[in-house]
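The values are calculated or read from the model by the stated rules, or taken from the named source; none is laboratory data. Please read all numbers here as calculations on a predicted model, not as lab measurements. Every residue, glycine as well, gets a Cβ built from its backbone with ideal geometry; the counts of neighbours run over all protein chains shown. In case anyone asks, the SASA skips ligands and DNA or RNA and just uses the protein heavy atoms, side chains included. Shrake-Rupley method; radii C 1.70, N 1.55, O 1.52, S 1.80 Å.
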Amino acid sequence: TLRWRDFFRAAENVGPNAVGIIALIGFLLGLIMAFQSAVPMQRFGAEIFVADLVGTSLLRELGPLITAVMLAGRSGSSFAAELGTMKINEEISALTTMGLNPVRFLVIPRIFAAVLMMPFLTVLFNFMGLIGGSIVLTSLGYPLVVYINQVIGAVSILDLSTGLFKSVIFGILVAAIGCYHGLRTETGASAVGLSTTQAVVNGIIAIAVADGFFAVLFYILEI
């Protein structure tokens with residue numbers, strides 16, 4: 001059975017505790033992306049299409065991707081460090097001796113927590129990025145309602161759903177890789193640090209590979 005206490009603790013660590021940094025990075029990314037794209041578009045009088053660029057890129061690609069990278073650096077490393085410390089302290093061996101499966105007891109709640117929280121964090125990242133883009137457009141003289149209508153016309157439910165689907169897969173990859181390296185921690189003073197580093201690096205690599213796979217797949221399926 002699922003240990004709900006561990007699940008809620010892991011969900012709090014992955015989700016609510018990460019709201020601040022996710023919102024900040026999302027806002028800054030939307031602001032920077034809109035500003036950098038508005039400068040060359042001003043030469044052609046096409047600043048309004050910055051809203052299309054920001055909305056589409058955030059919902060389809062950058063929202064789930066950057067959120068997953070931050071999850072790998074924040075929660076994936078935390079999972080690896082927690083399980084690695086338990087491995088060194090022989091707590092996992094004690095669980096096995098008592099007849100408890102460490103994977104079901106420790107890993108499954110963390111993976112479920114990451115899968116549940118990732119879509120919410122991605123939506124928050126997208127929302128804050130759109131707010132950052134709106135500041136740039138309004139500073140260029142466009143009313144806020146024009147920006148909102150332009151974003152609504154540029155994006156669709158399909159864009160949002162593909163991004164959320166990718167966020168769920170990224171959450172599984174990050175949590176599974178973090179727990180895997182935590183359970184494989186060796187003995188020694190630097191063992192936990194090495195497992196944490198491997199969890200973050202391999203998690204980011206897995207995210208990049210999966211994102212490339214989805215890009216090719218969605219192109220073939222014409223999504």
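Remarks
- Surface accessible to a 1.4 Å probe, per residue, for the residues of the range 59-213, Å²: 46 Å²
- Mean Kyte hydropathy of 1.6 or more with a Cα span along the axis of at least 18 Å, helices from DSSP in the chain: 19-41, 108-139, 191-220
- Separation of alpha-carbon centers, the range 166-223 and the range 92-155, rounded to whole Å: 16 Å
- Gained length - residue 24 relative to residue 127, 0.36 nm times residue gap less alpha-carbon distance: 36.0 nm
- Per-selection metrics, the range 72-223 (Cα): Rg and Dmax in Å: 20.2, 68
- Sorting the segments 182-191, 45-54, 77-86 by their residues' average number of neighbouring beta-carbon atoms within 10 angstrom, most packed first, yields 77-86, 45-54, 182-191.
- Distance (nanometres) between label positions extended 7 Å along Cα→Cβ at residue 209 and residue 189: 3.4 nm
- Net length gained if the chain between residue 17 and residue 220 were fully extended (0.36 nm per residue, minus Cα distance): 69.3 nm
- Taking only Cα atoms of the range 3-43, radius of gyration then Dmax in Å: 17.5, 58
- For the pair residue 152 and residue 43, label points projected 7 Å from Cα toward Cβ lie 3.4 nm apart.
- Protection proxy ranking for 133-142, 163-172, using the average of other Cβ atoms within 10 Å per residue and placing the highest first: 163-172, 133-142.
- Helical mean residue ellipticity (222 nm; -39500 (n - 2.57) per DSSP H run of 4+; nearest 500) of the chain: -25500 deg cm²/dmol
- Spin-label pair residue 94-residue 201: with each label point 7 Å from Cα along the Cα-Cβ axis, the two points sit 3.2 nm from one another.
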